[in-house]
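See structure below.
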Amino acid sequence: MSGDDVGSLVDRFLKGNNYQPATKRAYTADLHHFAQTLPQGTGLLNVSSELISKYIHQYRSLSRCKRQQVHQPAAESTKARKTACLRRFYRWCLKTRLISTNPVKLKVNLPPHATRITSEEDIVAMIGKCDDKEYGRRDAAIIASIAGLGLKVGQVATLNNEDISLKPERSVTVNYQKEGMQRSRIVLLPEIYERPLANYLGSKSNDGIAFFQNKHKNRRAERR
């Protein structure tokens, strides 16, 4: 298939779909690049599933340093976009009866994002960036509660005043509900997280029942 034939086919595909301009530019480049990798005598409309799978899984893009001609693996997001482009293109070809069977049999699994473990030094630094005003102390206490007590964000948001007690021995009684039943557990708060909670307790208003309050003296999260 010549370059003109490829361009005409791609234009027909894009005109038949309401894609954003950036998507159209990307898909145009993707389809032209794919066509250039096909063996001689093979066009976009008579390609095999094996060639498509090989293209996606072995795709490599030139690095920005073209002078050195260094090849780098394509980003997973680029592979996913190319996969989506080919899926949509051949679905359109099948719908418009340009082909009788869809050659796309791809499944690209993107690796999960690596979870970064926040160090104790990072947590202390975050607490230190909170100002010494009422809501700065509250935010520091929230960080300390999540890091020091091992609570989920939802559990922290729904704590009541009666749920927290710093004495004796930095023990914190955490009341919560599980499976419709009221439960409680006692957690020993690490010493480095005691001061933020103590500072907040010494400055917070006792109005309302929510331990962590907003400016309206209540919380946005509902207790479950």
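The values are calculated or read from the model by the stated rules, or taken from the named source; none is laboratory data. The structure presented is a predicted model; accordingly, all values stated were derived computationally and were not measured. No Cβ is skipped: glycine too gets one built from the backbone with ideal geometry, and neighbour counts run over all protein chains shown.
A few remarks follow.
- Test: residue in the stretch 104-113 that is part of a helix (DSSP H, G or I) and modelled with pLDDT of 75 or more: no
- Inter-residue pairs, beta-carbon under 8 Å, first free of Cβ contacts under 8 Å to residues at least 60 places away in the same chain and in the stretch 121-143, second of a type in the set (A, V, I, L, M, F, W, C) and part of a loop (DSSP other than H, G, I, E, B), 6+ apart: GLY136/CYS130; ASP139/CYS130; ILE143/CYS130
- Residue match in the stretch 67-75 (condition: surrounded by 12 or more Cβ atoms within 10 Å (Cβ to Cβ), part of a helix (DSSP H, G or I), modelled with pLDDT under 90 and not acidic (Asp, Glu)): no
Conditions tested, residue by residue: (1) assigned to a helix (DSSP H, G or I); (2) in contact with a Pro (Cβ under 9 Å, 6 or more places away or on another chain).
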{"position": "ASP5", "(1), (2)": "yes, no"}
{"position": "LEU9", "(1), (2)": "yes, no"}
{"position": "TYR19", "(1), (2)": "no, no"}
{"position": "ALA22", "(1), (2)": "yes, no"}
{"position": "ASP30", "(1), (2)": "yes, no"}
{"position": "ALA35", "(1), (2)": "yes, no"}
{"position": "GLN40", "(1), (2)": "no, no"}
{"position": "ILE52", "(1), (2)": "yes, yes"}
